[in-house]
Amino acid sequence: MVMQIKKVNVPDERGKFGPYGGQFVPETLMPALDELIQAYDEAIHDPEFMAEFDTLLRTYVGRPSPLSHAKRLSQQLGGAQIYLKREDLNHSGAHKINNALGQALLAQRMGKTRIVAETGAGQHGVGTATACALLGLECVVYMGTVDIARQQPNVYRMKLLGAEVRPVSSGSQTLKDAINEAIRDWVTNVETTHYLLGSVLGPHPYPMMVRDFQSVIGVEAREQVLAECGRLPDMIIACVGGGSNAMGIFHAFRDDESVQFVGVEAGGEGIENGRHAARFADMNVARIGVLHGTKSYVMQTPDGQIMETHSISAGLDYPSVGPEHALFRDNERAGYTYATDEEALAAFQTLCRTEGIIPALESSHAVAETIKQAPKMRPDQIIIVNLSGRGDKDLNTVMSALDL
Amino acid sequence: MSEIRYGRDHITAAFQNARQSQTAALMPYFTLGYPDRQTSLDIITAIAPYSDLLELGVPFSDPLADGPTIQRSTQIALENGTTTAVCLEMVRELRQRGVTVPIMLMGYYNPVLAYGEAGYVSAALAAGADGFIIPDLPPEEAGELEVLVNEAGMALIYFLAPTSNESRIQLVTQWARGFIYLVSVTGVTGARQAIQTDLSAFVQRVRQATDIPLAVGFGIGTPRQAAQIGQLADGVIVGSALINAADSPQAAADFTRSLREALRDV
């Protein structure tokens, strides 16, 4: 069956999720956003487009990704049954490929020949480079020099896939600055170029479109858990940088009120010392603001300057968060917490040894929260963890952090 | 000299004066706090006599509509402690020094939100600013700020770009006060070798929709380019090239005067 895009009442026509979202971009980009909104709407109502997307997800990405019962981890924690949604098994190693393929197909349909993208951990860059190689599109990926150093294997992958990786040495030299440069490129080359934004961030329609393209994760997980367990899960846990893997798995369950959503931000070296990226945990520095075209919670100085963040995982190292997550936090549809670098590293090792799965450091944050939650729950309860990516890219970081 | 009332009438008068002198209005951009507070004030004071209006940059950490020159200048200004509050003090000081031309505060939206929209508008008016240029705030998102700016008698400036279609032109001309900022090229700020050839057609398209002054910016680097643009539009904005030329207040004044003379000689 071809995937359907679930209709919900957010965002509104102007891209607002309650008070969040919107289109805070230079005028040059406004016509491009209008064009994108229209093209996206036409595409998802075109059965041919959706069938092509669906075929690629099945025959190229390898979907559906399995829902694995983590038996040994569940037993060891002695509480809820833990199921892992295995986005790490996707072609190119993470959930990012779902959205990259969807947008690349859309760009092709719009007659764009060139793609620009930003990347933090490199997973979105690899996903985009992969989709562009598959569809024959020119691909330029902006990446902060700090991230290039800590995610070398993904830099090599992107280059092998034919993408040009442009180092960004301004500001904090991480994801935030890569997005600045990608937007500057887009503004310059907007006639020929599609900006393939990798998370539920940025101006409308990106937060909606990326959510929708990622919603395949939750659609599958819902079917799988009903088929295997005969009931809905009690809790879904996912890490939140921009928040695309979390929104991707939450979306299909949003009307299932009994299912509790937990988003896990990067606690870095701890909230007290300020070196973290836990926007919802630190309201001293995270206030409602505008960054990269959208209104949401933003870590900023009292003067409104965007703060540098810290996380051991490049993919969570970002000072703002998707506008729909901000809405979910306000209306309490989801709860948000954080895991520190240390907790993520410990969870990383636990999952390696109990389940034989090497998770991405980003996903390890979700595992860390699972390790806290599961023991408080009964053995007949169910947690689904979105294992958003695999950890091959993180081996150097982990080896040096653990002194191995 | 009678006391000046700051705000959109002051802006309109500046364009009218230029038109009466049969020249386009010259609006140099300079970053407040670059390279340091004192030098910045000296440079702006030195260029003011050759300027019809001034666009003064309030630094932001993530200036996504700006090219390398303005990025670097705002970064240095931030490192010098140039907060939004400091920028407003600097405007006040410029007025005390006798700078009378309209001052447009150019800055991104997040620092405005952080300051508080109402507080920012009233503090800017009290300091002697006339209007605001906010590159990441299209009319759709300007709602509350537009109301506040209007009530203060000031102007919130909107942009149009070569990519703007008829419906964008309709929307922006409907909201525009003071002048419309026309972006000469699709891209970020920064001096360029050549000016887009279809700029004339773009200016014409907007001109047909409105009588409000049209000022063209982005990529204008030389007196010759300024003169070319001055024949098409009511105002010429020069930023990155001025920053590159501003090794000293005297050098900045010389460069601005060369722009002024080129506009007049047309």
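Test of understanding: among B:G33, B:G98, B:G131, which residue is at positive phi and away from every other protein chain (no Cβ under 14 Å)?
B:G98
Mind checking which residues of the stretch A:46-58 are within 19 Å of A:G389 (Cα to Cα) and surrounded by fewer than 15 Cβ atoms within 10 Å (Cβ to Cβ)?
Hit for the stretch A:46-58 is A:R58, nothing else.
How many residues are of a type outside the set (A, V, I, L, M), in contact with a Lys or Arg (Cβ under 9 Å, 6 or more places away or on another chain) and surrounded by fewer than 24 Cβ atoms within 10 Å (Cβ to Cβ) when one looks only at the stretch A:130-140?
Residues meeting the conditions: 1.
Do you know which of the residues in the stretch A:32-65 that are in contact (Cβ under 8 Å) with a residue 24 or more places away in the chain and not in a helix (DSSP H, G or I) is farthest from the other protein chains (Cβ to nearest Cβ)?
It comes out as A:P64.
Do we have A:G289 as within 12 Å of chain B (Cβ to nearest Cβ) and touching a strand residue (DSSP E or B) at 6+ places or on another chain (Cβ under 8 Å) here?
yes
Could you please find all residues in the stretch A:305-332 being more than 18 Å from the chain's Cα centre (by Cα), more than 14 Å from chain B (Cβ to nearest Cβ) and aliphatic (A, V, I, L, M)? Spell out how you get there, then give the answer.
Initially, the stretch A:305-332 is screened for residues more than 18 Å from the chain's Cα centre (by Cα), giving A:305-308, A:330-332.
From what's left, more than 14 Å from chain B (Cβ to nearest Cβ): A:330-332.
Across the stretch A:305-332, there are no qualifying residues.
Could you tell me how many of the residues in the stretch A:71-129 are assigned to a helix (DSSP H, G or I), surrounded by 24 or more Cβ atoms within 10 Å (Cβ to Cβ) and over 14 Å from the mean Cα position of the chain (by Cα)?
5
I need a count of the residues in the stretch B:116-125 that are within 12 Å of chain A (Cβ to nearest Cβ) and buried (at least 23 other Cβ atoms within 10 Å of the Cβ).
Of the residues in that region, 1 qualify.
Go through (1) free of Cβ contacts under 8 Å to residues at least 12 places away in the same chain; (2) more than 8 Å from chain A (Cβ to nearest Cβ); (3) not basic (K, R) for B:L156 and report which single condition fails.
(1)
Could you please find all residues in the stretch B:95-118 being of a type outside the set (A, V, I, L, M) and either free of Cβ contacts under 8 Å to residues at least 60 places away in the same chain or farther than 24 Å from B:F179 by Cα (or both)?
Selection gives B:R95, B:Q96, B:R97, B:G98, B:G107, B:Y108, B:Y109, B:N110, B:P111, B:Y115, B:G116, B:E117.
Right, B:V238: surrounded by 24 or more Cβ atoms within 10 Å (Cβ to Cβ), within 19 Å of B:A48 (Cβ to Cβ), within 18 Å of the chain's Cα centre (by Cα) and at pLDDT 95 or above or not?
yes
Give me the pairs, please: first residue somewhere in the stretch B:165-192 and more than 8 Å from chain A (Cβ to nearest Cβ) and farther than 21 Å from B:A152 by Cβ, second residue anywhere and crowded, with 24+ Cβ neighbours inside 10 Å and among the acidic types (D, E), beta-carbon distance under 6 Å, and either six or more positions apart or on two chains.
If the second residue must be crowded, with 24+ Cβ neighbours inside 10 Å and among the acidic types (D, E), the pairs left are B:T189/B:D66.
Being out of contact with any strand residue (DSSP E or B) (no Cβ under 8 Å at 6 or more places or on another chain), at pLDDT 95 or above and not polar (S, T, N, Q), is that true of even one residue in the stretch B:181-192? Please lay out each step first, then the result.
In the first step, residues of the stretch B:181-192 are kept if they are out of contact with any strand residue (DSSP E or B) (no Cβ under 8 Å at 6 or more places or on another chain); the result is B:185-188, B:190-192.
Filter once more, so that each one left must be at pLDDT 95 or above: none.
No, the stretch B:181-192 contains no residue that is out of contact with any strand residue (DSSP E or B) (no Cβ under 8 Å at 6 or more places or on another chain), at pLDDT 95 or above and not polar (S, T, N, Q).
For the stretch A:370-384, enumerate the residues that are touching a residue at least 60 places away in the same chain (Cβ under 8 Å) and more than 13 Å from A:F348 (Cβ to Cβ).
Selection gives A:Q373, A:A374, A:P375, A:K376, A:M377, A:R378, A:P379, A:D380, A:Q381, A:I382, A:I383, A:I384.
Tell me which residues, restricted to the stretch A:305-331, are surrounded by fewer than 24 Cβ atoms within 10 Å (Cβ to Cβ), touching a residue at least 60 places away in the same chain (Cβ under 8 Å), in a loop (DSSP other than H, G, I, E, B) and not charged (D, E, K, R).
Of everything in the stretch A:305-331, just one residue is surrounded by fewer than 24 Cβ atoms within 10 Å (Cβ to Cβ), touching a residue at least 60 places away in the same chain (Cβ under 8 Å), in a loop (DSSP other than H, G, I, E, B) and not charged (D, E, K, R), namely A:N331.
So for the stretch A:183-200 (the condition being within 19 Å of the chain's Cα centre (by Cα), among the charged types (D, E, K, R) and surrounded by 20 or more Cβ atoms within 10 Å (Cβ to Cβ)), does at least one residue qualify?
Taking every residue of the stretch A:183-200 in turn, none turns out to be within 19 Å of the chain's Cα centre (by Cα), among the charged types (D, E, K, R) and surrounded by 20 or more Cβ atoms within 10 Å (Cβ to Cβ).
Go through the stretch A:176-200 and count every residue that is within 9 Å of another protein chain (Cβ to nearest Cβ) and not in a helix (DSSP H, G or I).
3
Residues in the stretch A:10-31 that are facing chain B (nearest Cβ under 7 Å), in a helix (DSSP H, G or I) and not charged (D, E, K, R): how many?
Number satisfying all stated conditions: 3.
Against the conditions (1) assigned to a loop (DSSP other than H, G, I, E, B); (2) within 24 Å of A:G102 (Cβ to Cβ); (3) of a type in the set (F, W, Y), where does A:F280 fall short? Just the number, please.
Every listed condition holds for A:F280 apart from (2).
Looking for whichever is at pLDDT below 95 and surrounded by 19 or more Cβ atoms within 10 Å (Cβ to Cβ) here; the options are B:L94, B:L64, B:L88, B:L53. Which one fits?
B:L64
Can you tell me which residues in the stretch B:149-163 are more than 20 Å from the chain's Cα centre (by Cα) and at pLDDT 95 or above?
Correct list: B:E151 only.
Can you give me the number of residues within the stretch A:207-230 that are assigned to a helix (DSSP H, G or I) and on the phi > 0 side of the Ramachandran plot?
Count: 0.
How many residues does the stretch A:351-393 contain that are small (G, A, S), under 25 Å from A:R150 (Cβ atoms) and assigned to a helix (DSSP H, G or I)?
Residues meeting the conditions: 4.
Can you name the condition, by its number, that A:P233 falls short on among (1) in a loop (DSSP other than H, G, I, E, B); (2) surrounded by fewer than 19 Cβ atoms within 10 Å (Cβ to Cβ)?
For A:P233, the failing item is (2).
When A:Q173 is evaluated against the numbered criteria (1) of a type outside the set (D, E, K, R); (2) without any contact (Cβ under 8 Å) to a residue 12 or more places away in the chain; (3) part of a loop (DSSP other than H, G, I, E, B), which criterion, by number, is the only one it fails?
Result: A:Q173 passes all but (2).
Let's see how each residue does on (1) part of a loop (DSSP other than H, G, I, E, B); (2) within 12 Å of chain B (Cβ to nearest Cβ):
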position: A:M247; (1), (2): no, no
position: A:A266; (1), (2): no, no
position: A:E272; (1), (2): yes, no
position: A:D303; (1), (2): yes, yes
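For the stretch A:141-170, what are the residues that are in a loop (DSSP other than H, G, I, E, B) and surrounded by fewer than 22 Cβ atoms within 10 Å (Cβ to Cβ)?
Within the stretch A:141-170, A:L161, A:G162, A:S169, A:S170 qualify.
Just one of A:H251, A:H204 is in contact with a Gly (Cβ under 8 Å, 6 or more places away or on another chain) and either without any contact (Cβ under 8 Å) to a residue 40 or more places away in the chain or within 14 Å of chain B (Cβ to nearest Cβ) (or both); which is it?
Unique residue meeting the criteria: A:H204.
Out of curiosity, is B:T69 more than 8 Å from every other protein chain (Cβ to nearest Cβ), out of contact with any Leu (no Cβ under 8 Å at 6 or more places or on another chain) and among the β-branched types (V, I, T)?
Criteria met by B:T69.
The values are calculated or read from the model by the stated rules, or taken from the named source; none is laboratory data. A quick note: this is a predicted structure, and the numbers were derived from the prediction, not measured. So basically every Cβ, Gly included, is an ideal-geometry build from the backbone, and we count neighbours across all protein chains shown.
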